[in-house]
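Quick notes on the structure that follows.
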Amino acid sequence: MASVLLLWLAVCLSGTWAVDKGNFKTCDQSAFCKRQRALKPGESPYRALLETMELTNTRLTLQLINDNNKVRLLLELYRLQGNITRVKINELKPLKPRYEVPDVLIREPPTEPLSLLSQDENGVVLSLGAESQRVIVSARPFRLDIMEGRDVLMSLNSRGLLAFEHLRMRSFEPLRSKEEEEKVEDGMWEESFKSHADSKPSGPSAVSLDFSLPGVEHVYGIPEHADTLRLKTTDNGDPYRLYNLDVFQYELYNPMALYGAVPVMLAHNAQRTTGIFWLNAAETWVDISSNTAGKTVFGKMLDYVQGSSETPQTDVRWISESGIIDVFIMLGPTPKDIFSQYASLTGTQSFPPLSALAYHQCRWNYNDQKDVQEVDAGFDEHDIPYDFIWLDIEHTDGKRYFTWDPHKFASPKEMLQGLVEKKRKMVAIVDPHIKVDSNYKIHNEIRSKGFYIKNKDGGDYEGWCWPGSAGYPDFTRADMRAWWASMFAYDQYEGSMENLYTWNDMNEPSVFNGPEVTMHKDAMHGAWEHRDVHNLYGFYVQMATAEGLIQRSGGVERPFVLTRAFFAGSQRYGAVWTGDNAAEWDHLKISIPMCLSLGLVGISFCGADVGGFFKSPSTELLVRWYQTGAYQPFFRAHAHLDTPRREPWLFGPENTALIREAVRQRYTLLPYWYQQFYQAHQTGEPIMRPLWVEYPQDPATFAIDDEFLIGRDLLVHPVTEEGARGVTAYLPGKDELWFDVHTFQKHNGAQNLYIPVTMSSIPVFQRGGSIIPRKLRVRRSSTCMEHDPYTLYVALNPQRTAEGELYIDDGHTFNYEKKEFILRKLSFTKNILSSVNMAPDAQFSTRSWIERIIILGASKPSKVTLKTAGGQESQVEFEFDASMSVLTLRKPGMNAGVDWSVTLQ
Amino acid sequence: MSYQYLLLLLLSLGVSAVEVQRPRGVPLSKRQFYEEGKPFTCLDGSRTIPFDRVNDDYCDCEDGSDEPGTAACPNGSFHCTNAGFRPAFIPSSRINDGICDCCDTTDEYNSGAACQNTCRELGSKEREIMKEMAEIAKEGFLLKQQLIQEAKSGLEEKKAKLAEVQVSKKDLEDKLEALRTVKETAEQPEKEAKERHLKAWEGKLKFESLSTFTIIISNADIPAPVETPQEETREPVPENDSEQYPEEDIPEEEEDDDEEDEDEDPDDGDYKVSPVRISIRFMKDDHEFLFNLDLHFVCRNLEKEISFDFGPGAEFAYLYGQCYELSTSEYIYRLCPFNRVSQKPKYGGSETNLGSWGKWTGPEDNVYSLMKYEHGTGCWQGPNRSTTVKLTCGKETVVLSTSEPSRCEYLMEFTTPAVCQEPQSLYPDAHDHTEL
């Protein structure tokens, strides 16, 4: 007995900080996943009825029949512009419509003509446009193979795992039917988890499909999981799960679902990158297996030597609880093609206000106005810049969002004005759960307009969250979203001002007393069950909020909204963070693959709570986290209510200095960050990107996730080990040079470089061949630096050339869309550095000028001449550091927005 | 750059006719290093540059000394004269950032910020506050002298008492020893018979002895504080038992009740109860060790109070044994200096211990400005509650405010004359005011 007690105690104590896995379903506990996963690869019961084929200019349709139950499906195949193939499968005649995800695609994707190449009784061959790409539709069993030349790029249903649970009437008679396959299993018409029942009025409705990727050993994406960048095989455990959940104290390195879901996977080998976008918002599980996964390096070598190796192949299988199969197959071939293909479907990263890229100071909670004022003053006193201070839920009047605690925040406008005077801003939280309280205007309006999600019996759905009993507005409704957006108007949101922005938390949605801490799947969004739309909820909350912030300024100002839950397309509405992490070294490490994975699927504006949300970081961990966060896109410190204060100056002058330096490095690089966001907004390319994206042919990069690139030109290997004396960074590219940004030391590419580190070290390298603009006059907020001059860092490659860009606009409005910006191409070639207008049709003027040019890897000139647009020439003074080959041009002084050239002689 | 001089000069004319020419942002004390027309050597000696590169908006010196008046150097500082108020240095990064930092507006000479010169206003406001503070300090300091006097005599009294008790303790111990010898001789024949009853006795005796011990404390003529400091009552309790404070009072009360039931117990009101008499009674019960413990306790109690760090002149001694309350909208906070801090909900609910006296934690040059109370009631998934008390000079002894900057870490502002400094020392840089 005593030992049992001890054991129990041990479990309780050790479990204090880990996730309670029992609160969340395994595949086995999720009836449809269990059912679908029980299907093993084999002969598919589906057959294509070629006689039903219809080919128009834009699409091919074809019926499929399940020979076991004779249910027919309709296959639609589209060739989309930009090397994308769309495959849609729905029931030919469903009992009632099945959910198709709206609002995620930015438009109906434009198609390209498909043409028939050949046809016989076994199948058809279609041409996918010009690039010798074909799709082969095999009839019996049904499968699709996408080929280029003689290579199969991807096969669908090659393992026979296409499964489409058709909608059916519930039969209560003990069924002795002819169609034995349709026997009623547990969990088809109802299931329960812990104390929660799911009534499943529509019965089984799952869909599933397998994809084979010949030649592929590396797959990425499908965030959000606290796992490595390279996805693992799932044969010996659960599939990766996509189901937006508020996971308390999440565990690392496993496939459990987290706050957001982007059903996009990238597959990569040295020849090609492809992508799969599975457009389905229901609970989804993704299985990955590989024929090389089990093999050791030695085994692979043996295969190679003996020539007996089968081609490596990765097989993927997607399973969703409801909806239809709607999959976009992005055929690359390069990683950047994939980004542009995916961006053409779901849009690009929103272009945030410049200040949102600066440092954010958050805590649950800054207690009152005095507290805010003191923290603000603390930053000035310690000369640490910051742009945003954040208020968590305690700022409200009893967790009623859009209100302020009447005692602690009695005069919010006064407080906000205080920040305005420092050119700083604030974010206040607005969560989607609405306190059920007849004295609360927001609740009353939502209720009277019938905007709440309904429970299965037709009443307003109520769940338990921060305010106690709460309703959940139906953000899937456009009219609800329009109303919500209108609540951000200055005259509606009392106490709000232009420098108040918004944070949407708990939008999975989190329901404390719901199944798996979220909403019951049989709750109703109009005609649709919550089951169908679950993963979209957070996406819509952020969409409506961002729209509100745009509208309140009459469409002038760019919004800034942070969200915890997200879906494909969420990149269009703002930033995401990795949720409630912990002050542990492993959580610092995982922030890198988590944000890299998000970047690969379009969501570039990503960050993790600096310092860790739960628990209290050691000083060393806190400093290392600042150093890492300073080089990640969204840079915000945050802390749990129960943790001791950790403003940067509370850990002694030495650590204050280390943190100050990290934050200052961020501020000096803001011009580069801003330019990266502008690019991401144009192209959809990730800002924080894995090395393999830039070096797709170098297999050494394929699994690296302890270092990353910012854009193309900066490589960061943060120190994420406790007590580290050094880090080993892989510098990619055999023709590349990499310059240490702090010492200007030059290193060759394609090597593992050991870098000794001290507490002040942040290993960062600039790629030879690049030009990076910085502002070295760090001030107390980014807005204060608006008119400051630039220093250009020109890092020469072995060919002694370099190029870069400089983007400037007003930093906060949509006027850039009206061509009010400056975009310069900076290039160094043949000893001439020049600035050329890349956007001649754009117009903007800046007061900023070029105060310094630092050329890395240069030789000593005898004379440096500046030529400006008018043809005027002047000599520029310079200094040359022969030991490091660094040439510094002193105060050339030209305006940053004009044409100029500097000649080294 | 001479036009900057001119500008400075022009600006200054309105303010003061005796402005001394020097580059923008240079304090008067460093004027000699910036000689117009002569090469400038960075103040760290690192290099020498032509004078026209001083304040030319490009950073040449690593120490930032060539750009005292621009934002070009990341580590520079700018001097505002602030005529009428107090001169100040601001980081160079605040020059021309659109935010008015210097009350004389000199930091925003090229940003378009519409700054108003507020130095006179600030100066007179400051002087007013200074005057007020000086008055408070003056009175407070007088009070502090009184406190020191009182503490001094109090301390002497206590020391005398301690000596007295120590003597009587010694005396008693001697007597005890003698009596024990007598007793042992006398009781030897009875011993066997007695042992038969011993077990029954012991239970009762423990009770008795405890109650007696309480009486001795209250009768021993120790200047008992209103509230018995926690340490005293806690003494018999294991040290690690930190959360039990409220409950600790209970046994004592129960004992008081029990006392009245005991016929042979001394009368509560009898202040002249002789420890000797009690000791004799104990002797009869063969429990002399308990008696010794009691006297030890009296001694230690006195010793403890004497040994408390009540400040250089024991000026904080008057707080010992007192409690001060502050009522907020939700809670009543109670500070009992050198003992504990607690919080009680205004509308029902039990009291929470926010920490017991720990130590003085002010900075080295002002150790007595902060008190730390530690090891209060534990927080869920958090630390034990603790409170920092910030002491400021005031005529009265009052809790001004409380807050909880971090969960379970409280901050209390407390005024007392005991921290008041001699008034003159409030104007250390009075002469600086008249730089112009």
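Where a number appears in this text, it was derived from the coordinates with a stated rule and is not lab data. All values reported here derive from a predicted model rather than from experimental measurement. With ideal geometry, Cβ positions are generated from the backbone for all residues, glycine too; neighbour counts draw on all protein chains shown.
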Dipole moment magnitude, nearest 20 debye, the protein assembly as shown about Cα centre, only Lys, Arg, Asp, Glu C-beta charged: 6680 debye
Acute angle (nearest 10 degrees) that the helix A:369-381 long axis makes with the longest principal axis of chain A, alpha-carbon atoms: 50 degrees
Residue-averaged [θ]222 nm for chain A, counting only DSSP H segments that reach four residues, each worth -39500 (n - 2.57): -5500 deg cm²/dmol
Neighbour-count order for B:M371, A:M188, fewest beta carbons within 10 angstrom listed first: A:M188, B:M371
Given A:K734/A:K830; B:K131/B:K158; B:K125/B:K390, the pairs whose alpha carbons are separated by over 30 Å: B:K131/B:K158
Entries of A:K93/A:K336; A:K819/A:K867; A:K40/A:K454; A:K194/A:K435 with Cα pairs more than 29 Å apart: A:K93/A:K336; A:K40/A:K454
Cross-link reach list, lysines versus B:K152, counting only Cα pairs under 20 Å and skipping chain neighbours closer than eight places: B:K144, B:K161, B:K304
Total charge dipole magnitude, the stretch B:20-116, about the Cα centre, Cβ charges on Lys, Arg, Asp, Glu only, Debye to nearest 20: 340 debye
In the stretch A:652-735, the trypsin sites (Lys or Arg not before Pro) that fall in loop regions by DSSP, at most 16 other Cβ within 10 Å: A:R712, A:R725, A:K734
Crossing angle, helix A:585-600 versus chain A [Cα axis fit, 0-90 degrees, rounded to tens]: 80 degrees
Angle in degrees between helix A:537-552 and the longest Cα principal axis of chain A, rounded to the nearest 10: 40 degrees
B:E157, A:E165 arranged by Cβ crowding within 10 Å, fewest neighbours leading: B:E157, A:E165
Length-normalised contact order for chain A - Cα pairs under 8 Å, 6+ apart - percent: 9 percent
Cα gyration tensor shape for the stretch A:789-904, rounded if a/c is under 1.5, else prolate or oblate: prolate
Three-way shape call for the protein assembly as shown based on the alpha-carbon gyration tensor, with the a/c threshold at 1.5: oblate
Rounded to 5, percent antiparallel among DSSP beta bridges of the protein assembly as shown: 85 percent
Cα shape, the stretch B:317-416, gyration tensor, a/c 1.5 rule: oblate
Burial order of peptide ranges A:43-56, A:836-849 (average beta-carbon count within 10 Å, highest first): A:43-56, A:836-849
Relative exposure of A:L792, A:L252, judged by other C-beta atoms within 10 Å (fewest first): A:L252, A:L792
